[in-house]
Amino acid sequence: MKQEGIFKEDSSGYPKLDEWVTIWRETLPKYFGYPFNEVSPLRDFYQWYYAAGINLMNLNNAGDPFTDTPWEVSSQVFEREVIEFFAPLYDFDDDNRWGLITHSGSDGNNHGIYFGANYLKHKTGLSPILYVSDEAHYSNMRLAHLQNLETRLVKSDTMGRMIPEELEKALDTSRPALVVYACGSTFKGAIDDMPALNAVLSRHPELPAVYRHVDAALFGGYLPFTEHRLLVSSKKMGFESIAVSGHKFFGIDSPCGLFICTREVYDNQSDFDVPYLNKNMRMINCSRDPIQPLKFWWVVQKVGTEEWRRQARRIMELTAYLKQQLDQAGYPAWVNEYSNTVFMRCPSPELAHKYQLAQNEDPRFGGKLAHVVVMQHFTEQAIDAFVAELTASFQRETEADR
Ligand SMILES: *Cc1c(COP(=O)(O)O)cnc(C)c1O
């Protein structure tokens with residue numbers, strides 16, 4: 001897709017760069033394996049960005065968007081409005097929420113785990129144990145390790161959901177519980193059954209305290225715009241914080257995300273007074289990108305709720321379509337409820353590469369698997385072409401096996 005640019009020709013003057021651009025122009029329409037929306041909502045953003053000369057300013061969002069004076073040398077005033085727009089979509093009340101625009105979904109998980117651990121220590125004086133399913137995104141395990149938290153990996157069922165009985169078995173009720181729920185496990189797209197898992201936690205009133213963080217990097221983008229929006233409701237699902245990526249469903253062209261928590265969590269963090277910023281800094285990073293909040297704010301205005309509802313519906317329809325086409329072709333494939341991630345028998349390495357399919361292995365599904373994440377750039381035609389190639393190659397393989 002060509003953009004009106006400042007260069008008369010597409011050429012940068014550097015052959016290596018031009019070649020790189022050509023490769024990605026051809027590849028992105030077949031980018032099936034990773035959850036990135038390749039239909040940019042930011043076309044006119046960059047026109048404004050250059051026209052206004054924002055590219056010549058060096059702004060920085062260091063600090064707290066909810067306590068800083070607006071219009072400092074930052075875009076925090078817009079960052080705050082973005083959080084105020086999204087918080088109600090996850091059922092946080094206006095008088096009981098705090099948040100920021102993060103560097104990524106992982107950065108949101110980092111804040112969730114860090115805020116959770118601080119909150120629990122602050123409430124109980126005890127160090128928590130972190131519980132997370134073995135199918136959750138690896139960033140959660142990595143971050144628990146980084147934060148030196150004792151971690152228990154809880155077994156999940158074949159479709160990838162944390163097993164409530166396994167959580168109960170793993171629980172150490174003498175220590176606070178910091179539970180990370182997967183709302184969209186990475187490979188199978190499973191949503192942990194939060195009500196059932198919460199029921200396990202509430203069967204143990206002897207637990208000194210509980211904190212639940214939801215990793216909704218991908219699903220947290222579209223679910224609020226579907227009839228299943230209660231799956232990401234902090235009140236219905238009973239969680240304290242949530243992380244969502246900005247570059248997945250929302251199509252922002254470089255990594256960023258949302259982190260939102262309750263005010264109670266924010267108010268129960270350890271103090272780090274930073275005199276030179278004249279602030280009590282809760283967030284982990286000092287400098288934060290000032291452009292991502294502007295892009296997020298732009299897409300809230302330019303895309304907005306109605307269009308996101310349409311896109312979410314379309315993604316769900318196309319996911320069902322893909323699954324149905326694979327079923328019809330007799331190609332082994334599976335999909336979780338509410339998920340846009342279809343996992344299937346892994347095709348030939350050539351096809352996996354052509355469509356940039358993420359791969360995994362699970363003997364319960366016959367060995368090697370690949371998955372497709374249905375996003376805004378998908379069409380029925382692209383799915384038909386994909387399924388045709390997949391089944392043709394599958395037939396060749398099964399004939400060769402005979
Ligand atoms: C993508 C993803 C992440 C990582 O988010 P980044 O924005 O890439 O850091 C974490 N958890 C889940 C469930 C994801 O889908």
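The values are calculated or read from the model by the stated rules, or taken from the named source; none is laboratory data. Being a predicted model, the structure only gives us computed values, none of them experimental. Quick reminder, even Gly has a Cβ in these numbers, built from the backbone with ideal geometry, and neighbours come from all protein chains shown. Only protein heavy atoms, including side chains, enter the accessible area calculation; ligands, DNA and RNA are left aside. Shrake-Rupley method; radii C 1.70, N 1.55, O 1.52, S 1.80 Å.
Points to keep in mind about this one:
- Scanning the range 360-390 for residues that are out of contact with any Leu (no Cβ under 7 Å at 6 or more places or on another chain), assigned to a strand (DSSP E or B) and open to solvent by 40 Å² or more (accessible area, probe 1.4 Å) yields a count of 1.
- Scanning the range 357-402 for residues that are closer than 21 Å to GLY184 by Cα and in contact with a Ser or Thr (Cβ under 7 Å, 6 or more places away or on another chain) turns up ARG364, HIS371, VAL373, VAL374.
- For the range 320-331, the criterion of being within 23 Å of VAL232 (Cα to Cα) and part of a helix (DSSP H, G or I) is satisfied by at least one residue.
- Candidate set from the range 239-273 (those that are more than 10 Å from the ligand (Cβ to nearest atom) and within 23 Å of PHE378 (Cβ to Cβ)); member that is surrounded by the most Cβ atoms within 10 Å (Cβ to Cβ): PHE249
- Within the range 212-240, residues that are at negative phi have Cβ atoms under 7 Å from residues that are at pLDDT below 95 and within 16 Å of the ligand (Cβ to nearest atom) in these pairs: LEU218/PRO35, counting only partners at least 6 apart in sequence or on another chain.
- Near pairs, Cβ below 6 angstrom, 6+ apart or cross-chain, from the range 354-380 (at positive phi) to any residue that is modelled with pLDDT under 95 and open to solvent by less than 10 Å² (accessible area, probe 1.4 Å): GLN356/GLY33
- Neighbours by Cβ (under 6 Å, 6+ apart or cross-chain): first from the range 246-258, touching a residue at least 40 places away in the same chain (Cβ under 8 Å); second open to solvent by 40 Å² or more (accessible area, probe 1.4 Å) and within 8 Å of the ligand (Cβ to nearest atom): HIS247/PRO255
- Matching residues, the range 157-189, being within 16 Å of the ligand (Cβ to nearest atom), over 22 Å from ASN110 (Cβ atoms) and open to solvent by less than 10 Å² (accessible area, probe 1.4 Å): GLY160, LYS188, GLY189
- When the range 202-236 is limited to residues that are open to solvent by 20 Å² or more (accessible area, probe 1.4 Å) and under 22 Å from ARG175 (Cα atoms), the one that is nearest to the ligand (Cβ to nearest atom) turns out to be ARG212.
- Index of the failed condition, THR398 passing every other in (1) without any contact (Cβ under 8 Å) to a residue 40 or more places away in the chain; (2) of a type in the set (Ser, Thr, Tyr); (3) crowded, with 19+ Cβ neighbours inside 10 Å: (3)
- Consider the range 30-46 and keep the residues that are within 18 Å of ALA312 (Cα to Cα) and open to solvent by 60 Å² or more (accessible area, probe 1.4 Å). The one that is nearest to the ligand (Cβ to nearest atom) is TYR34.
- Per the listing VAL179, VAL200, the residue uniquely within 30 Å of GLU84 (Cα to Cα) and of a type in the set (Val, Ile, Thr) is VAL179.
- Selection within the range 190-201 - in contact with a Phe, Trp or Tyr (Cβ under 8 Å, 6 or more places away or on another chain) and more than 16 Å from the ligand (Cβ to nearest atom): LEU197
- Search result, residues across the range 102-150 that are more than 15 Å from the ligand (Cβ to nearest atom), in contact with a strand residue (DSSP E or B) (Cβ under 9 Å, 6 or more places away or on another chain) and among the β-branched types (Val, Ile, Thr): ILE129
- Options ARG282, ARG309: the member that is at pLDDT below 95 and either buried (at least 19 other Cβ atoms within 10 Å of the Cβ) or part of a helix (DSSP H, G or I) (or both): ARG282
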